[in-house]
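To start, the structure under review is shown below, and the notes come after it.
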Amino acid sequence: MLLIKRKADLVQWLDKQRSEGRSIGFVPTMGALHAGHISLIDISKKGTETTVCSIFVNPTQFNDPKDFQKYPITIENDILLLEQAGVDVLYLPEVPDIYPDGIKDLEKYDLGSLESLLEGAFRPGHFQGVCQVMRRLLEAVRPDQLFMGQKDYQQCMVVHRLLEIIGLPTRLVPCPIVREKDGLAMSSRNMRLSEDQRRTATTIHQALTRIKEGWQKGEKTDRLIKSATSLLEEKGFRVDYVSIADPMTLEPVQRSEVPAVALVAAFLGEIRLIDNMTL
Ligand code: AMP
């Protein structure tokens, strides 16, 4: 695996790949890699000829400075995992390589209601930061296909919108959520959970499963949301939201006949976890 730290070197290397007719798959990450990330790499390797992975903890997408400072960094292990997974090139930039003009006064993207709903409402500025870094990464890599996890459901929608805004022909491929045996969605932030919190964390999956069962029986949306919220609160979570939403718009839905997605964001201590399930 090639390790490249500078954008100019990456662009040059990728131009050569393209000139040899190789299709390019891209998996952007913030490191602290786990099997969820590796699943994206496996899917990229099946669908494209050259797989690029990036590791960059993007300062502009953290609305909580403590979350940024405490974001887990396990770079040596990440490199081993990426080598085993057969990644062709790891792009590992420093902040000035991505933001040569600094991180103040950056352009704003019109994300419509995605910015005021759910994650948009609870993490102001977060998706603008995601767009800042994704635009820079996408313009450097110019991948044929971009592989992102459905674990970050709304983020996939935001990046889809960004691709439209910047007019790149890249195809976004949303990939399934990889879970631990007890149902907890894998996440780099899980490393920060205490043993007790880790046991409790599976309640999010239980709450989503309950919603799904109830939804399929035709139970009322409000009741499903209330009971999932109570279940989480009883276990000590501080709930940001439990929502049953239209999969295309993320606006709340009321009837159980339409397709829907249930989404949850909740804190255990200072660690914020998100998850979702199509119903
Ligand atoms: P992150 O490093 O958390 O920014 O995630 C990088 C990519 O991995 C994003 O596209 C995430 O949606 C995806 N990802 C994170 N966790 C999982 C998971 N449990 N299953 C599938 N994809 C995931």
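So the check is Cβ under 6 Å with 6+ separation or different chains; which pairs have a first residue in segment 11-22 that's polar (S, T, N, Q) and a second one that's outside any helix (DSSP H, G or I)? So the pair list comes out as GLN17/THR50.
Condition (residue is polar (S, T, N, Q), at pLDDT 95 or above and under 23 Å from SER116 (Cβ atoms)) applied to segment 232-248: is it met by at least one residue? If you could, list the steps in order and put the result at the bottom.
To start, the set of residues in segment 232-248 that are polar (S, T, N, Q) comprises 243.
Now drop any that are not at pLDDT 95 or above, which leaves 243.
Of the ones still in play, those that are also under 23 Å from SER116 (Cβ atoms) are 243.
Yes: one or more hits.
Condition first: within 16 Å of the ligand (Cβ to nearest atom) and over 18 Å from PRO28 (Cα atoms). Can you find one or more residues in segment 172-179 that meet it? Step through it out loud before you land on a result.
Step one: filter segment 172-179 for residues within 16 Å of the ligand (Cβ to nearest atom), giving 172-179.
From the residues that got through so far, the ones that are over 18 Å from PRO28 (Cα atoms) too are 179.
So far as segment 172-179 goes, yes, one or more of its residues are within 16 Å of the ligand (Cβ to nearest atom) and over 18 Å from PRO28 (Cα atoms).
For VAL159, the conditions (1) more than 10 Å from the ligand (Cβ to nearest atom); (2) closer than 24 Å to ALA8 by Cα all hold with the exception of (1). Across segment 1-28, the number of residues qualifying as open to solvent by less than 10 Å² (accessible area, probe 1.4 Å) and within 16 Å of the ligand (Cβ to nearest atom) comes to 3.
One line per residue, one yes/no per condition, for (1) modelled with pLDDT under 95; (2) more than 19 Å from ALA265 (Cα to Cα); (3) not in a helix (DSSP H, G or I):
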{"residue": "PHE68", "(1), (2), (3)": "yes, no, no"}
{"residue": "LEU80", "(1), (2), (3)": "no, yes, no"}
{"residue": "LEU90", "(1), (2), (3)": "no, yes, yes"}
{"residue": "ASP97", "(1), (2), (3)": "no, yes, no"}
{"residue": "GLN132", "(1), (2), (3)": "no, yes, no"}
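In this structure, is ILE38 assigned to a helix (DSSP H, G or I), touching a residue at least 24 places away in the same chain (Cβ under 8 Å) and closer than 15 Å to ASP144 by Cβ? Can you show your working first?
On the way: assigned to a helix (DSSP H, G or I): yes; touching a residue at least 24 places away in the same chain (Cβ under 8 Å): yes; closer than 15 Å to ASP144 by Cβ: no.
No; evaluated as a whole, the condition is false for this residue.
When ILE103, ILE73 are checked against the criterion of being of a type outside the set (Ser, Thr, Tyr), more than 18 Å from PRO247 (Cβ to Cβ), within 13 Å of the ligand (Cβ to nearest atom) and not in a helix (DSSP H, G or I), ILE73 stands alone in meeting it.
The values are calculated or read from the model by the stated rules, or taken from the named source; none is laboratory data. Since this is a predicted model, take the numbers as computed values, not measurements. In this analysis, Cβ positions are derived from the backbone assuming ideal geometry, glycine residues included, and neighbour counts consider all displayed protein chains. When the accessible area is computed, the model is the full protein with side chains, heavy atoms only, and any ligands, DNA or RNA have been set aside. Shrake-Rupley method; radii C 1.70, N 1.55, O 1.52, S 1.80 Å.
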